[in-house]
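Structure record follows, encoded as structure tokens.
What follows is calculated from the coordinates using simple rules that are stated; it is not laboratory data. What you see is a predicted model; the values in this text were computed from it and never measured. Cβ sites come from the backbone with ideal geometry, for glycine too, and all protein chains shown count toward neighbours.
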Amino acid sequence: MTKARSHDARIGAITNACVEFDHWNEALHVTELKLGSAHALCQVLSMTEDDDEIRMICAAIEMVFRASQEAVHESFHQVGNALVPLLLRLLDRCEAGNMRNADVSIMNISKVLLYFSRIQEVRVPLSRQFGLLDVVVRVSTSLLNEDSRITRLRILANLANSSENKSIMVNHPDLLDSLLRIANLDPSNRAREYAAATLMDLTSSSSNQVEMAKNDKLIAVLIKLSLFFDDETEETREFAITALQNLAFAKENRKRLISFGGGMVIETLKKNLVSNPIYKARRRAAGTLTNLATEETAEELGTHPGLLQALAIVSKKDGNTEVRDRASLALTKMSNNLTTNMSCHASLLDALVLSASDSNISSFALVMRSKTKNPENKLCIAKHKGVLETLSRVCISKLSSPKDRENAMKSIMHLAHNETNRKAMATKIILDAATLCAGLVGFEHENTRDSAVITLERLGTEVSNRKAMACHEGLITVIAKATEREAHSERKGIDPQAERLAKALLMSLLLAL
């Protein structure tokens, strides 16, 4: 080819090359690259301005780079610095309308750049090629066919997958706007998918997150892509929600994301959590809410209509374990920062009770143990419908672990510490739970057993409770055994400072009979 003198001779030689290279035998393409085909084609391309020759040479170059990634990687280091600038200049010429059959050349050149961008080690030097980002960013403004747009977007997505490229790409003056136009307006589902994938990767860099979250258009587009279940592919929705989750990693972004559009981000996450058929998207939505839940944001999250209930339902009923666990974690984080003086506190208690399924009792028991320690919470929690019943169920359930029982029993103990609660708490279900726990044997149940005895002692300080307690099946028996344990410890000199409660309780119950 390089020796052909006349136009016809060059055309003939290039045609023969295309015939020779037009196959999908990867091993043969590897051999062609090793024999210098890319170098020869690059030389020929640099020597012509003829539209037909350029079109055919670009086609031949695309063919030979159908080789393995290892071979393409090696060839890039050999000819990339010469070939890439040449291809970029030709794309400028094609997209300016100064070449016949430009669509064909645009497609083939874009494919070559795509082959390069697939190689992790090439992504950084490729993105540093002068004008490369300018060319791929034109995807939203050039009149490209769908295949060419998608190929160009795949290049962007590959480049964004390199950590060293993320900041450079976000700081490019037109790149983000171009991606947002595609993500928002492109008629192709695949084009929007690759735009969303690129946005996801760019938001994964901590150095980009704060600046990107300031972009109202970006957040609005991510919301749109996350909400239209029927119009977007599964991957597009997941990429968009993951981008929101990435932005929520930065503490500086959390208040902004929560307040954006009067709670549009939160509503989007809630709808995906409850309704998205794809478990990965539901998992990401729950993870984003977990990221957003802090002391500063908890009240705003808690007062968002239906959010607490949605988290409770998902943590209890979702068919995927990871989704249930993440929804439970989000609810737990919010619970730790919602206080009785907040208007949503009653809704929180409703949600916690609702969430306490057999598979989710650990979170409920742990949260209640934490909240009942606070003196301000004891009265309202004890009075709230379903709380005491649920705590008792955790104590009694055979599915509860020793730690679950301990947390639930200690919660009941904390509530019984409040004198106002004691009369109302001496119900059959509470006495059943405390009696069962007070009779547990084994070292692993020691804390639970002690908490149950303390609970019964506190309930017994209310004189009107004693007769019902004394008549409760098995209660006097477990207190008698507790009295024996205390006497034994006292004789042995074990923990001499410990308060001995069982004997006094036993005497008061016997007197009540």
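Things to note:
- Legend: calculated FRET efficiency, Ser188 to Asp134, from the Cβ-Cβ distance at R0 = 25 Å, rounded to 0.05, equals 0.65.
- Cβ-based net charge around Glu252, under 13 Å, with every Lys or Arg adding one and every Asp or Glu removing one: +3
- Unit charges on C-beta of K, R, D, E only; dipole of region 359-513, Debye: 320 debye
- Distance between the modelled labels on Ala220 and Asn81, one decimal in nanometres: 4.6 nm (7 Å Cα→Cβ projection).
- This structure gives mean projected area of the Cα convex hull in nm², computed directly, and of (i) 30.9; (ii) 36.6; (iii) 22.7 that value is listed as (i).
- Residues Thr236, Thr435, Thr288, Thr31, arranged from fewest to most other Cβ atoms within 10 angstrom of their Cβ, appear as Thr31, Thr435, Thr236, Thr288.
- Net charge dipole size for the chain [Lys, Arg +1 and Asp, Glu -1 on Cβ; Debye, nearest 20]: 2200 debye
- Residue-averaged [θ]222 nm for the chain, counting only DSSP H segments that reach four residues, each worth -39500 (n - 2.57): -22500 deg cm²/dmol
- When peptides 266-273, 421-428 are ranked by their average number of other Cβ atoms within 10 Å per residue, the highest-first order is 266-273, 421-428.
- Bridgeable lysines around Lys373 (alpha carbons under 20 Å apart, same-chain partners fewer than 8 residues away excluded): Lys333, Lys383, Lys385, Lys403, Lys410, Lys423.
- Electrostatic bookkeeping for Ile429 treats Lys and Arg as +1 and Asp and Glu as -1; over the other residues with beta carbon under 10 Å from its beta carbon, the sum is 0.
- Length gained when the stretch Ser142-Glu490 is fully extended (0.36 nm per residue, less Cα-Cα span): 116.4 nm
- When the chain is described by a simple charge dipole with +1 on each Lys and Arg Cβ and -1 on each Asp and Glu Cβ, the residue from Leu510, Ala327, Ser489 located farthest towards its positive end is Leu510.
- A Förster radius of 56 Å, combined with the Cβ-Cβ distance separating Gln120 from Cys380, puts the computed FRET efficiency at roughly 0.50.
- Prolate/oblate/rounded call for region 1-130, Cα gyration tensor, a/c under 1.5 rounded: oblate
- Relative contact order, percent, the chain [alpha-carbon distance under 8 Å, six or more residues apart]: 6 percent
- Two-decimal Rg to Rh for region 98-254 - Kirkwood Rh, Cα set: 0.96
- When the Cα positions of Ile155, Asn171, Gly263 are compared along the charge dipole of region 149-283, Gly263 comes out farthest toward the positive end, with charges on each C-beta of Lys, Arg, Asp and Glu.
- Computed lengthening from Thr477 to Glu234, 0.36 nm per intervening residue step minus Cα-Cα distance: 81.4 nm
- Each other residue within a Cβ distance under 13 Å of Lys166 adds +1 if Lys or Arg and -1 if Asp or Glu, for a net charge of -2.
- Under the Karplus curve 6.51 cos²θ - 1.76 cosθ + 1.60, θ = phi - 60°, whole-Hz ³J(HN,Hα) for region 63-73, x wherever Gly or Pro sits: 5, 5, 8, 7, 7, 5, 4, 4, 5, 5, 4
- The listed peptides 96-102, 16-22, 254-260, ordered by packing as a protection proxy, come out as 254-260, 16-22, 96-102 (highest mean of other Cβ atoms within 10 Å first).
- Applying a DSSP loop filter and a limit of 13 other Cβ atoms within 10 Å to the GluC sites (Glu not before Pro) in region 426-513 leaves Glu473, Glu499.
- Taking one quarter of the surface of the C-alpha convex hull of region 206-342 gives a mean projected area of 7.7 nm².
- R0 of 35 Å, Cβ-Cβ distance Ser206-Arg93: FRET efficiency to nearest 0.05: 0.30
- DSSP-loop GluC sites (Glu not before Pro) across region 268-315, with at most 14 other Cβ within 10 angstrom: Glu295, Glu296
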